[in-house]
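The values are calculated or read from the model by the stated rules, or taken from the named source; none is laboratory data. Computed from a prediction, not measured in an experiment: that's the story for all the values here. As a convention, Cβ positions derive from the backbone with ideal geometry for all residues, glycine included, and neighbour counts pool all protein chains shown. These accessible areas exclude ligands, DNA and RNA; they are computed on the full protein's heavy atoms, side chains included. Shrake-Rupley method; radii C 1.70, N 1.55, O 1.52, S 1.80 Å.
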Amino acid sequence: MTDIIPAPLVPRVSVHGGGTFPVRRIFCVGRNFADHAREMGASAPASKAERGTPVFFHKPADAIVTGNADVPYPPGTQDLHHEVELVAALGTDAPPGELSPDVAPSLVIAYGVGLDLTRRDLQAAAKAKGLPWDTGKGFDHSAPISELVPAASVSTLEERTLTLRVNGETRQHGALHDLIWDVPEILVELSKLYALKAGDLVFMGTPAGVAALVPGDTFEASLDGVVTLQGRISG
Ligand code: MN
């Protein structure tokens, strides 16, 4: 049988040292830093035992913006927010069923840094009505991402920090050891809900300091000492 339309292109992210990573799905984690949960008016767990379950949502695979390209200001919002995040890239399909914590780390083939761009006004309106976040989160160009760095060359991930500068001024800075759910824990929780596969990206949640971006702003997001993403919001 012949496709009746041209097949959509598979979005791809460059990998440091060579090659590309074809993207299958983008999973995102909400409220994964206590300071950000609090700034959004949510409560933060006092201990691991009180974490409950993580907040998950999605972006379409073709929401990625690569190559430090300009990011067009999206339609439908007056309040576009930045959220700098660690991104984990899966290189292996998870075995069927719930992932073992021992196996989870081996699924990650590379790391990067990305922005979970958010139409905060639409998300806030959805939250107020108990409606889904999709229009606030899963829009075109909502996931600028750096090149990916092979996991084998990222040592001591938990000791690293995330930083976002806008127009040269630091807006967000957080330490990965403050993640409420770390990468293996998130993969275990996702595996209870979804079949994780090679090509999946996981945006791991943002520290405090989220704020607005406007046309003309330049940003520099970094997984400090590992990789940097630069870009500009175009009108
Ligand atoms: Mn986020």
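Quick notes on this one:
- Placing M40, M1, M204 in order of accessible area, with the largest value first and a 1.4 Å probe, yields M1, M40, M204.
- For the residue pairs K59/K129; K137/K197; K48/K129; K48/K137; K129/K192; K59/K127, the C-alpha atoms sit more than 25 angstrom apart in K48/K129; K48/K137; K129/K192.
- Sequence-ordered 3J(HN,Hα) estimates for segment 206-214 from the Karplus curve with 6.51, -1.76 and 1.60 and θ = phi - 60° stand at 10, x, 5, x, 4, 7, 7, 10, 10 Hz, glycine and proline given as x.
- Each label was represented as a point 7 Å from its Cα along the Cα-to-Cβ direction; for R232 and D134 these points are 3.4 nm apart.
- Net charge contributed by nearby residues that have their C-beta within less than 11 Å of H177 (K/R +1, D/E -1): -3
- Charging the Cβ of each Asp and Glu at -1 and of each Lys and Arg at +1, and nothing else, the dipole of segment 1-89 about its Cα centre rounds to 360 debye.
- In this structure the amide hydrogen of S234, modeled in the peptide plane, comes within under 5 Å of the amide hydrogens of V71, Y73, G216, none closer than 5 places in sequence on its chain.
- Evaluated with a Cβ-only charge set (Lys, Arg +1; Asp, Glu -1), the chain carries a dipole of roughly 400 debye about its Cα centre, given to the nearest 20.
- For K197, nonlocal amide neighbours, meaning residues 5 or more places apart or on other chains whose placed amide H falls under 5 Å from its own, are A94.
- Counting Lys and Arg as +1 and Asp and Glu as -1 over every other residue whose Cβ lies under 10 Å from the Cβ of A42, the net charge comes to +2.
- Among 44-53, 124-133, the peptide with the highest mean count of other Cβ atoms within 10 Å heads the list, and the full ranking is 124-133, 44-53.
- Cα pair distances in the chain, grouped into 10 Å bins until the bin that holds the longest one, percent each: 8, 34, 39, 17, 3, 0
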